[in-house]
Every structure is written in structure tokens, then in C-alpha cells.
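See structure below.
Every number here is computed from the coordinates shown, using simple stated rules; none is lab data. As the structure is a computational prediction, the values presented were derived from the model and not from experiment. As a convention, Cβ positions derive from the backbone with ideal geometry for all residues, glycine included, and neighbour counts pool all protein chains shown.
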Amino acid sequence: MKNYRNVTEDIFWIGASDTRLSRFENIFPIPRGVSYNSYAVIDEKICLFDTADVSVADQYIENLQALLGDRTPDYQVILHMEPDHCSQIARVAGMYPDMTLVGSAQAFKFLHQFFPELDDMKKQIVKEGDSLSTGHHEFSFVAAPMVHWPEVLFAYDKESGALFSADAFGTFGAIETGLFADEYDFEKEFLDDARRYYANIVGKFGGQVQLVLKKAAGLDIKYICPLHGPVWRKDISWFIDKYQKWSSYEAETDDILLVYGSLYGHTASAARKVAEEIAATGARVSVYDVSGTHLSVLIGEAWRCRRIVIISPTYNGGIYIPVRDLIEDMAALGLKNRKFFLGQNGTWAPMSGKLMAEKLTALAGCTVSDNILTITSALHDEDEAAVKAFAAEVAGA
Ligand code: FEO
């Protein structure tokens, strides 16, 4: 049954969505699923771009066969060798052993590591500036190292204006109805997932994303064909602007993120009082219990918000474990340019504020307020002035 989609008259999406997988990379919850996009160009020569994850393999192969019928692909381009896109290369190569595999030198190194049985396939190594003609289309390759692995290439087709962008411009979320982003209310339905995907998967590599955005700025892009999520054909500059902000570690909004940890509810009550006082100033604050929220959601929110409040119990003389994990993940992903405000709770020796400050001041472009809000076991009437002053400082920053 025809389950592939047209991108243009002769460029087709032959990917598939998985809504059964609970965690992408066995880490990130994907309650709305994820799509694995693969594309086929039916020109004088037939060219495939990437494959799909093993979890959707049968649907992917069904789409490929439904589109090609008796025809045989000439090229299988490998833009990204991560298994969520390359898992079916050996299966496709087995079906079409005469096709030529096209990819970067490093992609072929990884191909050998994953699929040594493909060592004898015909191969064409390409690099930035090289191109591949299929007849009417000519695909120019653009190096995109570390977006999100080192071997990654983008491919740009001048004829259609399609940019095949590998993981860049992707998002969590299945393709359920339309293929194109403009067939959804993307901001409402996908933006949080797109940001969460970006920050957690590619966030560490903002510098490399900036470099490839500079290269893309010289192209007349009419379609962005990512490896996950909807294809872009309208308002492309809106989404590129998001990538500009995210990759330069510039906050997307002036909102405040407040994250707290709480063993028994006392720190939670204090955090809610702080949030109430901040909100009373008219500032927008989003509040999360670190223990009830997946780290990837908090990382996405850290990319969105300019000011971040963290209130942590002192635990074993240190930082409450899930708060410590959040801070370490922020550091590992290279979060920059945020203003931090800290609160601590401790029944006999509050320490978490000082320890959090030591870690957060090490983040580039970040400031940490000296005014650490300290709670001893629970919030008390005499803490009111300190809470108000703390909230006022956050709201005015
Ligand atoms: Fe979607 Fe880096 O793989």
C-alpha cells in the first residue's frame, strides 16, 4: 500500500514513525513518538538518502518497494551513520547489490565498523564541495561535522531548493497526518519537542551548528528535509531563527525557569512561595519538581529561559542527587549565558547553595547571584522578607 509521500514531484519521503518506543536513544521519553525520515529521488538515476531505524524497518522497506517497484536505486547516500538512520543499509544493499554507496570518508569508516559485510559494495567518497548528479538534480554536499556526529554531511539540490539536513532541524514527535510542518500548528504541537531534541541531542555542538548555518545562509532553501519530524516548505526562516538562538546559547524567551528538589515537601512549599512572589511581579515563571520531570525536559527549558532558579535540599552534605544531575547535564551540554539564582535547604548544615554556585559559575557566560536563599528545614514567617527580596532580585534581573 502506498504509504510514502511526495515532497516535490520527484522527491519522496519514504520514512516511518514509531509511537511504540518509549525512549529515544534509550534515554529521552517520546510520548508522541518519533519519525525516521528517509528520502528517495526518482530522476534519470534513483538516489536514496539514508534509511531508518530497525524499529520501523518493515514499514520503511514496504515504502521503498512500493515507490520503486521493479526499479533499482543507483545510489544510497549516507548523510549520517547513527543506527537510527543506517540500520537498514545492509538490508537495502542486499536487495540492490549493484547500487553505489555515497558518503564521507568517515561515514565509510563507521560503515565498516557497523557493517563489515558491506566492505565490497561500490563506494563513492564525497566531501564538502563535491556533488552528485542524478540527471535533473545535482546534490552538493556540505560538511556538517558534529551535527550530530563527525561524519555528517548535508546535501543541497539547487534544482528543487531542497536541503537534506541530517539531524539538524529535526524534532521528536511522529508524523501522524501531514508531512509538512505547515500542516500542523508547529509552535503549539512541536516546538517544545524540537527544542528538547535540539538541546539534548545537538546542544553541546552549538559552535558547529553556527558554522553550518553560515554555510546554509548562502543557499536558496525551499525545503528542509530533516531526518526526524516534519519537512519544512513555509516559514523556513522562522525555524532557522530558532536554531540561530539555540546554537548561540541565547535564551529564546525572557521567562524564568524554577526547578526545585524536595524530599518531604518543605523545599517544594518554599519554591512555590518563591514562584508566587516572582509571578506577582508580572514575570512569567515555569516551575518543575526535578524528581518528577525528565532531565531532557528541564534541559529544553534551560535553553528556552534566560533566568534559572534552582532550589535544592542539602543531601549527604552535597547537592540533592537529581539537582546535581541536572547541573552536570547543563555543564556537559555546554549551556551558556544564563543568570542563576539559588536556594538551599538544610536542617543542620545547608551546603547545597555554595556547592551549586561552584559548579554553575564555571559555565561560560553565566552569572550566579551571591544572594542564596537559605531555608532551615521549612519556610517560616521570619523568612518572608528574604523570600520577597530573592523573588524581586530574580524578577528584576
Ligand atoms: Fe537521528 Fe544522530 O541520529
- [ ] Have a look at GLY229, GLY365, GLY282 and tell me which one the Gaussian network model of the chain (Cα, springs below 10 Å) gives the largest fluctuation.
- [x] GLY282
Open item on the list: Compute the helix-to-body angle for 206-216: its Cα long axis versus the longest principal axis of the chain, expressed 0 to 90° and rounded to tens.
Closed with: 40 degrees
- [ ] Kindly write out, for segment 107-116 in residue order, the coupling ³J(HN,Hα) from the Karplus curve 6.51 cos²θ - 1.76 cosθ + 1.60 (θ = phi - 60°), rounded to whole Hz, with x marking Gly and Pro.
- [x] 4, 6, 4, 5, 4, 4, 5, 7, 9, x
Task: Length released on extending from GLU183 to ASP241, taking residue separation times 0.36 nm less the Cα-Cα span - done: 18.9 nm
Open item on the list: Sorting check: for 291-299, 212-220, which peptide has the highest mean count of neighbouring beta carbons within 10 Å, and how do the rest follow?
Closed with: 291-299, 212-220
Task: Which of ARG20, ARG32 has the fewest Cβ neighbours within 10 Å, and the rest in rising order - done: ARG20, ARG32
Open item on the list: Along the Cα→Cβ direction, 7 angstrom out, place labels at THR253 and ASP119. What is the inter-label distance in nm?
Closed with: 5.4 nm
Task: For ILE256, distant residues with modelled amide H under 5 Å away - done: ARG284, VAL285, SER286
Open item on the list: Sorting check: for 163-170, 370-377, which peptide has the highest mean count of neighbouring beta carbons within 10 Å, and how do the rest follow?
Closed with: 163-170, 370-377
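Taking the beta-carbon count within 10 Å as an exposure proxy, list THR314, THR347, THR177, THR134 from fewest neighbours to most. Present the calculation step by step, with values, prior to reporting the outcome.
Details: THR314 22, THR347 12, THR177 8, THR134 19.
Placing the least packed residue first, the sequence is THR177, THR347, THR134, THR314.
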TODO: For helix 321-332, report the angle its Cα long axis makes with the longest principal axis of the Cα atoms of the chain; keep it between 0 and 90° and round to the nearest 10°.
DONE: 50 degrees
Task: Cβ-Cβ FRET estimate between ALA378 and LYS336, R0 fixed at 45 Å, reported to 0.05 - done: 0.80
Task: Helix 384-396 axis, angle to the chain major axis (alpha carbon atoms, nearest 10°) - done: 40 degrees
TODO: Report the paramagnetic label zone for ASN371: residues of segment 252-278 whose backbone N is under 19 Å from a point 7 Å from Cα along the Cα-to-Cβ axis.
DONE: 255-259, 270-278
Open item on the list: Please compute the modelled spin-label separation between ALA392 and GLN65, points set 7 Å along Cα→Cβ, answer in nm with one decimal.
Closed with: 7.2 nm
Task: Under 5 Å, built H, 5+ apart or other chain: amide partners of PHE139 - done: LEU132, SER133, THR134
TODO: Take the chain, connect every pair of alpha-carbon atoms lying under 10 Å apart with a spring to form a Gaussian network, then pick out the residue of GLU277, GLU301, GLU159 with the largest mean-square fluctuation.
DONE: GLU159
- [ ] Grab the DSSP H runs of the chain that are 4 residues or longer, score each as -39,500 (n - 2.57), total them, divide by all residues and round the 222 nm result to the nearest 500 deg cm²/dmol.
- [x] -9000 deg cm²/dmol
TODO: Give me D for the chain in µm² s⁻¹, whole number, from Stokes-Einstein with Rh from the Kirkwood sum over alpha-carbon pairs, 4 °C and 1.567 mPa s.
DONE: 57 µm²/s
Task: the chain: most fluctuating residue of GLY334, GLY265, GLY300 per GNM, C-alpha cutoff 10 Å - done: GLY265
Open item on the list: Would any residue of segment 307-324 have its amide N under 14 Å from a label point 7 Å out along Cα→Cβ of MET351? List them or say none.
Closed with: 313-321
- [ ] Sticking with the crude label model, points 7 Å out along Cα→Cβ, report the distance from ASN26 to ARG272 in nm, one decimal please.
- [x] 3.8 nm
TODO: May I ask you to sort LEU360, LEU342 by Cβ crowding, counting other Cβ atoms within 10 Å and putting the fewest first?
DONE: LEU360, LEU342
- [ ] Taking H placed 1.01 Å from N in the peptide plane, check which residues at least 5 places from SER104 or on another chain put their amide H under 5 Å from its amide H.
- [x] VAL126
